[in-house]
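Report on the following structure.
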2 protein chains.
Amino acid sequence: MKQIEGGITAAKGFQAAGIEAAVKYQNRKDMALIYSEVPCAAAGTFTTNVVKAAPVLWDKKIVEESTYAQAVVVNSGIANACTGRQGMDCCQAEAQCAGECLGIPADSVLVASTGVIGMQLPLDRITEGIGKLAQAKSDTPEAGADAARAIMTTDTVPKEIAVTFEISGKTVTLGGMCKGSGMIHPNMCTMLGFLTTDAKISRQMLQKALREDVVDSFNMISVDGDTSTNDTLLILANGLAENEEIASEGAGYDTFREALHFVTTYLARKMAGDGEGATALFETKVIGAASKEDARILAKSVICSSLTKAAIFGHDANWGRILCALGYSGAQFDPENVDLYFRGGSSEIHIYGNGTACGYSEEEATKILSEPEVCVLVNMHMGEAEATAWGCDLSYDYVKINADYRS
Amino acid sequence: MKQIEGGITAAKGFQAAGIEAAVKYQNRKDMALIYSEVPCAAAGTFTTNVVKAAPVLWDKKIVEESTYAQAVVVNSGIANACTGRQGMDCCQAEAQCAGECLGIPADSVLVASTGVIGMQLPLDRITEGIGKLAQAKSDTPEAGADAARAIMTTDTVPKEIAVTFEISGKTVTLGGMCKGSGMIHPNMCTMLGFLTTDAKISRQMLQKALREDVVDSFNMISVDGDTSTNDTLLILANGLAENEEIASEGAGYDTFREALHFVTTYLARKMAGDGEGATALFETKVIGAASKEDARILAKSVICSSLTKAAIFGHDANWGRILCALGYSGAQFDPENVDLYFRGGSSEIHIYGNGTACGYSEEEATKILSEPEVCVLVNMHMGEAEATAWGCDLSYDYVKINADYRS
């Protein structure tokens with residue numbers, strides 16, 4: 001497997017575009033298109049929030065009932081959530097419009113929205129935007145980058161990646177993009193993530209791969225503990241790599257899963273590190289846990305702790321808060337048997353063991369906690385299971401961004 | 001029932017003190033004593049965190065195994081959590097010292113600590129402080145107020161209350177004090193809360209009353225979602241009111257429960273409203289829920305949402321975040337059937353119904369959200385159950401306080 005330049009247009013036969021439609025934001029790209037020249041197997045995972053945005057309901061239906069998908073239309077600025085019947089009608093109209101502009105059936109068009117909840121989409125500007133997107137679409141890396149930029153809300157940087165790998169002697173490409181960066185606490189899915197691949201893979205195996213993957217990638221990140229109404233992760237596979245079709249488990253599936261995990265983990269880390277107001281990526285790796293489930297719960301509890309996140313922002317080695325967060329996670333363990341380490345840059349220090357503080361240097365700890373990527377390593381000494389979760393620190397800017405998001 | 005002046009010294013036979021012991025803080029009161037002139041029935045609820053501070057382990061043993069208790073020694077500044085064997089020895093030494101100074105058995109002395117995790121208590125200053133406390137103790141309201149001040153950490157105001165009520169023709173008094181204000185997300189208990197009463201009540205009924213009560217009082221508040229290692233709620237009942245002993249359910253028990261709930265809810269609200277960095281008390285009342293459990297889960301999910309809390313701080317009527325928090329709470333419901341109202345001062349406005357925004361005035365909403373007590377009322381239209389939860393807004397000061405707590 002090799003990481004290459006590009007994102008959602010890296011795989012054969014995929015085009016994209018990002019344009020200004022003034023849905024809500026002014027003077028910036030706010031609509032994106034992903035288009036495959038041929039029909040694709042599609043799979044998706046969606047928010048577990050009971051309050052599901054209209055585009056989530058639309059996409060679930062397409063992924064579950066349509067035989068294929070061929071395009072995704074995305075807008076930022078307005079989430080089309082809590083918008084009732086009018087919101088659903090808008091999804092239908094978007095898909096209809098995109099279908100006509102692209103010459104494909106409306107039920108092969110997926111839609112996604114992100115932004116403020118409760119406002120209706122301005123359908124005239126959306127359909128005008130779709131016309132522009134259809135005109136602008138291209139298979140260049142620049143077109144993919146435009147799309148990655150258009151889906152951003154409070155993100156400070158676009159997030160995209162592409163890799164190539166071999167299956168049955170054929171070179172397969174997988175690319176992706178995603179956006180954060182608030183209301184990020186995915187549960188069975190993530191905010192908005194889009195993956196494209198030219199792998200030949202059955203819809204069933206594609207859905208299986210995605211479902212298995214998110215548990216250890218997007219579901220292991222959190223910015224603020226708020227599971228969005230719009231979380232959507234979609235993958236389109238158009239088969240143009242002409243590999244032997246992946247229709248069951250085996251070497252081809254494993255290779256694909258490995259590449260998928262590389263891409264999703266890369267994007268998940270980027271999303272966490274670019275969380276609203278974040279100054280650092282905050283990683284917690286739990287090893288030696290009694291079960292995989294325990295490892296996940298423990299790691300996620302630490303990266304979700306507001307007190308721990310504020311301490312990381314302050315570069316303060318207040319490790320008691322980490323022990324506290326492990327303790328209320330729901331997993332059972334003996335605090336006397338836990339070892340805790342801080343890792344940052346090329347340093348690692350032992351902070352806690354045998355039930356009390358180790359004799360570490362506060363100066364060294366502060367230095368580690370000042371790195372742009374801070375890692376807490378926890379050894380539970382109870383078994384072989386491990387898991388990693390990613391979050392970010394809690395800063396003044398998180399409050400600033402969210403105290404005044406709508407104006 | 002009548003609210004009266006005072007706190008933990010209001011009930012007959014209770015004395016208290018608050019003094020400067022320089023445990024960690026300088027130039028402020030940091031140790032408190034509660035003392036009953038006669039032995040008391042004692043009950044307690046404690047943190048469900050797997051990582052339990054030494055004083056929690058000590059008190060659990062006393063409450064479960066000792067026939068009575070007669071004093072509580074509290075310090076702020078250092079939590080005596082994650083302190084291993086040395087931490088437990090310190091509790092033993094504290095109780096021993098207090099027992100000698102007060103002329104009571106060591107196993108009738110409860111201890112509590114709050115502050116930074118991981119540091120050892122300076123036993124010499126603690127025992128010196130206990131000597132001073134034993135000297136200073138008094139049954140005056142001022143002595144109760146001194147104690148309420150001594151147990152504060154990042155609290156901005158002391159929190160105390162007292163009420164009187166009648167049982168079997170006798171006037172009974174119940175008083176209490178508590179402290180917050182960070183790492184507040186009690187689960188089966190609260191940070192530090194101390195209640196004293198001269199009611200005559202059996203240990204079993206006292207424990208039952210406390211256990212039943214916390215579910216709807218202290219367990220319904222959250223400042224930051226972090227369940228502490230030190231949460232402790234203790235109640236001492238010395239029987240000096242000479243009412244007919246409450247030894248089973250009935251009118252006397254109901255009256256006591258009512259008074260207890262008034263006191264605990266008062267203290268819980270005070271704790272939430274004085275959460276770290278808070279500028280407002282944020283109340284969420286859920287009515288018409290399918291079950292009591294659902295009502296609690298829904299109300300608590302809203303007051304725990306970082307995004308909603310930041311919006312309250314910004315006086316921004318970003319109600320979509322409230323719908324979102326209800327949606328990921330775990331309770332099942334149909335978003336189309338929910339009604340949402342904002343309440344503040346003497347105003348109430350209908351914000352959301354029939355699946356979309358109501359035509360409310362943003363100006364009026366902002367005015368309501370600028371009140372010192374903001375209430376969200378949610379009607380689920382599914383049944384008769386209701387619950388109320390209390391939190392606070394999320395401000396710059398929360399980050400400031402917690403990015404640099406230890407220095």
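Give the residue that is least open to solvent (accessible area, probe 1.4 Å), with candidates limited to residues of the stretch B:87-96 that are in contact with a Phe, Trp or Tyr (Cβ under 9 Å, 6 or more places away or on another chain) and over 9 Å from B:ALA106 (Cα atoms). Walk me through it before giving the result.
Keep residues of the stretch B:87-96 that are in contact with a Phe, Trp or Tyr (Cβ under 9 Å, 6 or more places away or on another chain), which gives B:88, B:91-92, B:94-95.
Subset that is over 9 Å from B:ALA106 (Cα atoms): B:88, B:91.
On the way: B:MET88: 52, B:CYS91: 0 Å².
Ranking the candidates gives B:CYS91 first.
Considering only the stretch B:328-350, how many residues are of a type in the set (Val, Ile, Thr), open to solvent by less than 10 Å² (accessible area, probe 1.4 Å) and out of contact with any His (no Cβ under 9 Å at 6 or more places or on another chain)?
Result for the stretch B:328-350: 0.
Taking the stretch A:19-41 as the search range and keeping residues that are open to solvent by less than 10 Å² (accessible area, probe 1.4 Å) and assigned to a strand (DSSP E or B), which one is farthest from A:ILE201 (Cα to Cα)?
Per the stated criteria, the residue is A:MET31.
Rundown of residues vs (1) in contact with a Pro (Cβ under 9 Å, 6 or more places away or on another chain); (2) more than 14 Å from every other protein chain (Cβ to nearest Cβ), yes/no style:
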site: B:SER202; (1), (2): no, yes
site: B:LEU210; (1), (2): no, yes
site: B:VAL214; (1), (2): yes, yes
site: B:ASP226; (1), (2): no, no
site: B:LEU240; (1), (2): no, yes
site: B:GLU244; (1), (2): no, yes
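For the subset of the stretch B:307-322 comprising residues that are within 15 Å of A:ASP224 (Cβ to Cβ) and of a type in the set (D, E, K, R), which member is surrounded by the most Cβ atoms within 10 Å (Cβ to Cβ)?
B:LYS309
Can you name the residue in the stretch A:351-380 that is more than 14 Å from chain B (Cβ to nearest Cβ) and either over 31 Å from the mean Cα position of the chain (by Cα) or farther than 18 Å from A:VAL302 by Cβ (or both) and, of all such residues, is most open to solvent (accessible area, probe 1.4 Å)?
It comes out as A:LYS367.
From B:ASP339, B:ASP274, B:ASP316, which residue is more than 12 Å from every other protein chain (Cβ to nearest Cβ), under 17 Å from A:ILE117 (Cα atoms) and not small (Gly, Ala, Ser)?
B:ASP339
Among the residues in the stretch B:400-407, are any within 19 Å of B:VAL302 (Cα to Cα) and open to solvent by less than 70 Å² (accessible area, probe 1.4 Å)?
no
Within the stretch A:42-88, count every residue that is part of a loop (DSSP other than H, G, I, E, B), closer than 20 Å to A:GLN120 by Cβ and of a type in the set (Gly, Ala, Ser).
The total comes to 3.
Suppose we filter B:GLY118, B:GLY84 for residues that are within 11 Å of chain A (Cβ to nearest Cβ), open to solvent by less than 20 Å² (accessible area, probe 1.4 Å) and more than 23 Å from B:LYS179 (Cβ to Cβ); which single one remains?
B:GLY84
Which one of these is within 14 Å of another protein chain (Cβ to nearest Cβ), touching a residue at least 12 places away in the same chain (Cβ under 8 Å) and not basic (Lys, Arg): A:ILE322, A:ILE287?
When all the criteria are applied, what remains is A:ILE322.
Please go through the stretch A:53-81 and give me each residue that is surrounded by fewer than 24 Cβ atoms within 10 Å (Cβ to Cβ) and within 8 Å of another protein chain (Cβ to nearest Cβ), ordered by number.
none
Of everything in the stretch A:369-407, what is without any contact (Cβ under 8 Å) to a residue 40 or more places away in the chain and of a type in the set (A, V, I, L, M)? Give them in sequence order.
A:ALA403
Kindly evaluate A:GLY175 against the criterion of being under 30 Å from A:SER248 (Cα atoms), open to solvent by less than 20 Å² (accessible area, probe 1.4 Å) and out of contact with any Lys or Arg (no Cβ under 6 Å at 6 or more places or on another chain).
Judged against the criteria, A:GLY175 is a match.
Applying the selection to the stretch A:136-158, what residues are acidic (Asp, Glu) and open to solvent by 50 Å² or more (accessible area, probe 1.4 Å)?
Selection gives A:ASP139, A:GLU142, A:ASP146.
Any idea which of (1) assigned to a helix (DSSP H, G or I); (2) surrounded by fewer than 23 Cβ atoms within 10 Å (Cβ to Cβ) is the one A:ALA325 doesn't satisfy?
Among (1) assigned to a helix (DSSP H, G or I); (2) surrounded by fewer than 23 Cβ atoms within 10 Å (Cβ to Cβ), the lone unmet condition for A:ALA325 is (2).
Considering the stretch B:339-367 alone, what residues qualify as being at pLDDT below 95, hydrophobic (A, V, I, L, M, F, W, C) and either closer than 15 Å to B:PHE282 by Cα or assigned to a loop (DSSP other than H, G, I, E, B) (or both)?
Matches in the stretch B:339-367: B:CYS358, B:ALA365.
In the stretch A:383-396, how many residues are within 14 Å of chain B (Cβ to nearest Cβ) and touching a Ser or Thr at 6+ places or on another chain (Cβ under 9 Å)?
5
The values are calculated or read from the model by the stated rules, or taken from the named source; none is laboratory data. Bear in mind the structure is a predicted one, so any value in this text is a computation, not a measurement. Virtual Cβ from ideal backbone geometry, glycine too; neighbours counted across all protein chains shown. Side chains included, ligands, DNA and RNA excluded: accessible areas come from the protein's heavy atoms. Shrake-Rupley method; radii C 1.70, N 1.55, O 1.52, S 1.80 Å.
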